[in-house]
Amino acid sequence: MCGLLFAFDTNRPNEALRAAAQLGLSRLAHRGPDAEGLRTGDGWVLGHRRLAVIDLAASTQPMESPEDGALIAYNGELYNFRELRRELEPRWHFRTAGDTEVLLAGLCLEGAGFLSKAEGMWVLALWQPASRQLLLARDRMGKKPIYLAARKGCCYVASELPALLGLLPEPPAEDLDSTADYLRYGYLLPGCTIYAGVREVLPGHSLQWKPDAPVQSEPYWTLRVGGWKGGWADAVAEVQETLRAAVHRRLVADVEVGAFLSGGIDSSIVCALALPALDRRLKTFTIGFDAPSFDESEYARNVAGFLGTDHHERPVGVPEPEPLFRLLDAHVGQPFADSSLLPTAAVAEVAAAKVKVALSGDGGDELFCGYQRYLGRVLLRWYSRLPHGLRGMTERLVRALPEPMTHHSRSLIKKAHLFVDIVEQEANSGGYVAPLLYDRHTLPLLAPDLADRGHASPALPARCDLDDVSEMMCRDALVYLPQDILLKVDRASMSHSLESRAPFLDRHVVELAFSLPSRHHRNGLQGKRLLRRAFGDLLPAQVWRRRKQGFSVPEHAWYRGEYGRAFEARLRHYDGVLATSFIRKLLDAHRSERRDNGHRLFHLDAYLRWAMSGKALQCNDQDPLKRP
């Protein structure tokens, strides 16, 4: 994997642009430790950091077209590049053996329409110095990041926000609509950042910019739902073949490919499908925690033994918050409330010591109905049929019980509290967009001036006569998956110069999963029905029976002790859009163990630390490209 940046600004001296690019590239060094490339011209610069995975000795970037001088900087993998190369060879004389030149040739010969043929994950910048035209594009599911600040006459682009901030001539301002979205969800909505005037290229979109024209963004792929014509047996056979092919495509590399293994369903399936295609033992990786309530290493060890992988495991101590905040500051560059970024980075570090590429099970829950919230929605259907008085009595009884400070997979009372959260959010939400931290009842208490702020959420696919669970799955694939899960995995893995590949997010797997009727995904209270039937004989029985947990950290413990006191001190010095009196009530309830507000407190702390860091101007009308 790699990192890239671009800047065009004829109002800045070339030397200043080059210096800004060098700063930006230094902030992307972790994404590409193997090589650095920089091309400059009058008023523009294009830079690249390379993690060499295919065609190791050649395919350096930025790469130039011998025909018209077009330059490409590219971050990703094109899994079908050999097939596309054969198609292009009659029209292009190839000088390298990698996928970068295939992408360059296809775009030069066929334009942005070539993207519809590409299978893989990528972001790219194609700059044509002669016509002063820039093309940006991002993969279909949003696995790889790219951000830009553009207006007429100037444009700045980078793979990560900290690098982009190093490029800009002035610090941007806070976008209060994005702040409202962050407070609701714990991350930003697609296309948005916390900075006014700074956007991300949407998944499945290409974007064109010229100095004398506005930005033009167009989708080259959209998610479609429904349309399955076969029966149950056909679906089982199709998912077996499609996912197997997706895994095998992601083994294409000139370096060794390993795999993350948690012992859960998705990562275990990926490992099982990879093994027959390898001429060596598959290296698998996990971490173990000292605290049993957070440790899943035994499950991974059991699956590794069953499959016969070359398993690598590292015990880690009790996670502390400061390394997590350093990750957020150096690699995310804006508020982000998924604390599992820290253990994800820890397992990436284990893998990076042995391999450059690791397969993951990301996407399996969204595509095949794995999350507990889908079960919660099924239970809510039944619960809503109960008499109103009985429901109220049940909710008061649950709230009267102290909320356990543990993961919900290990506590029925914790599950009950979370279910009541779902009931309350359903009553106070305007329809599901993503899991909520603050709804339209609680957000005015937290941030009164932001209660009516926020960006529009992505539209559902055109044909959307979906049941409630299927609609949640679709929304999660469009919002939660790219904005939380894929952002987390990209930043965590790339912080250790490790490329992560997700077979479940292969275009063909995604399209198959969303073409199927909901009954193929869920059987009563049990999700992943299709995966259980298709791959049940590949894995030990305990994999299919175990409780889903995933990586987590002890946020509840952080804010009950010394770190809670530090958080309280930050509140005393904060003067902004949040109501600190409301936050203190959350902290008091957490300390007294009436409610587990650990995650809500971390979510707010991530925002506070960012807001008080001075990275953004405290107004929302500042153009980041404006000069004094």
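Points worth noting:
- When segment 98-119 is limited to residues that are among the small types (G, A, S) and touching a residue at least 60 places away in the same chain (Cβ under 8 Å), the one that is surrounded by the most Cβ atoms within 10 Å (Cβ to Cβ) turns out to be A112.
- Looking only at residues of segment 232-244 that are open to solvent by 30 Å² or more (accessible area, probe 1.4 Å) and of a type outside the set (A, V, I, L, M), we find that the one that is nearest to the chain's Cα centre (by Cα) is R244.
- Leading residue by the ranking (farthest from L103 (Cα to Cα)) among those in segment 131-149 that are of a type in the set (G, A, S) and either open to solvent by 10 Å² or more (accessible area, probe 1.4 Å) or in a loop (DSSP other than H, G, I, E, B) (or both): S131
- Single residue of segment 492-504 satisfying the filter (within 15 Å of L243 (Cα to Cα) and of a type in the set (A, V, I, L, M, F, W, C)) that is surrounded by the fewest Cβ atoms within 10 Å (Cβ to Cβ): A502
- Some residue of segment 332-341 being out of contact with any Cys (no Cβ under 8 Å at 6 or more places or on another chain), in a helix (DSSP H, G or I) and not hydroxyl-bearing (S, T, Y): yes
- The listed residue being within 26 Å of R31 (Cα to Cα) and surrounded by fewer than 16 Cβ atoms within 10 Å (Cβ to Cβ), out of R86, R95: R95
- Residue match in segment 182-190 (condition: open to solvent by 10 Å² or more (accessible area, probe 1.4 Å), in a strand (DSSP E or B) and not charged (D, E, K, R)): no
- Residue in segment 344-356 that is surrounded by the fewest Cβ atoms within 10 Å (Cβ to Cβ), counting only those that are closer than 23 Å to Y480 by Cα and either among the aliphatic types (A, V, I, L, M) or modelled with pLDDT under 95 (or both): A346
- Of all residues in segment 538-590 being in a helix (DSSP H, G or I) and closer than 23 Å to Q526 by Cβ, the one that is least open to solvent (accessible area, probe 1.4 Å): V543
- Filter result for S339 (touching a strand residue (DSSP E or B) at 6+ places or on another chain (Cβ under 6 Å), surrounded by 20 or more Cβ atoms within 10 Å (Cβ to Cβ) and among the small types (G, A, S)): no
- Considering (1) in contact (Cβ under 8 Å) with a residue 60 or more places away in the chain; (2) out of contact with any helix residue (DSSP H, G or I) (no Cβ under 6 Å at 6 or more places or on another chain); (3) within 18 Å of H30 (Cβ to Cβ), the lone condition that S340 does not fulfil carries the number (3).
- With respect to the conditions (1) open to solvent by less than 10 Å² (accessible area, probe 1.4 Å); (2) over 18 Å from the mean Cα position of the chain (by Cα); (3) closer than 28 Å to R501 by Cβ, Y195 lacks only one, and its number is (3).
- Total residues in segment 505-532, condition closer than 22 Å to N302 by Cβ and either open to solvent by 20 Å² or more (accessible area, probe 1.4 Å) or outside any loop (DSSP other than H, G, I, E, B) (or both): 3
- Of the strands (runs of 3 or more DSSP E) lying entirely inside segment 1-72, the ones with 2 or more residues being crowded, with 24+ Cβ neighbours inside 10 Å and either in contact (Cβ under 8 Å) with a residue 24 or more places away in the chain or among the β-branched types (V, I, T) (or both) are found at 2-9, 44-50.
- Residues (farther than 19 Å from G370 by Cβ and within 24 Å of the chain's Cα centre (by Cα)) located in segment 257-280: V257, G258, A274
- Apart from one condition, T222 fits all of (1) assigned to a loop (DSSP other than H, G, I, E, B); (2) β-branched (V, I, T); (3) buried (at least 19 other Cβ atoms within 10 Å of the Cβ); the exception is (3).
- Matching residues, segment 591-628, being among the basic types (K, R), buried (at least 18 other Cβ atoms within 10 Å of the Cβ) and either assigned to a helix (DSSP H, G or I) or modelled with pLDDT of 95 or more (or both): R600
- Cβ pairs under 7 Å, 6+ apart, first in segment 464-476 and closer than 21 Å to D362 by Cβ, second assigned to a helix (DSSP H, G or I) and modelled with pLDDT of 90 or more: V469/S518; S470/S518; M473/E366; C474/F514; D476/E366
The values are calculated or read from the model by the stated rules, or taken from the named source; none is laboratory data. On a predicted model such as this, the values are computed, not experimentally measured, just so you know. Note that we place each Cβ from the backbone using ideal geometry, even for glycine, and neighbour counts take in every protein chain shown. The accessibility values were calculated without ligands, DNA or RNA, using every heavy atom of the protein model including side chains. Shrake-Rupley method; radii C 1.70, N 1.55, O 1.52, S 1.80 Å.
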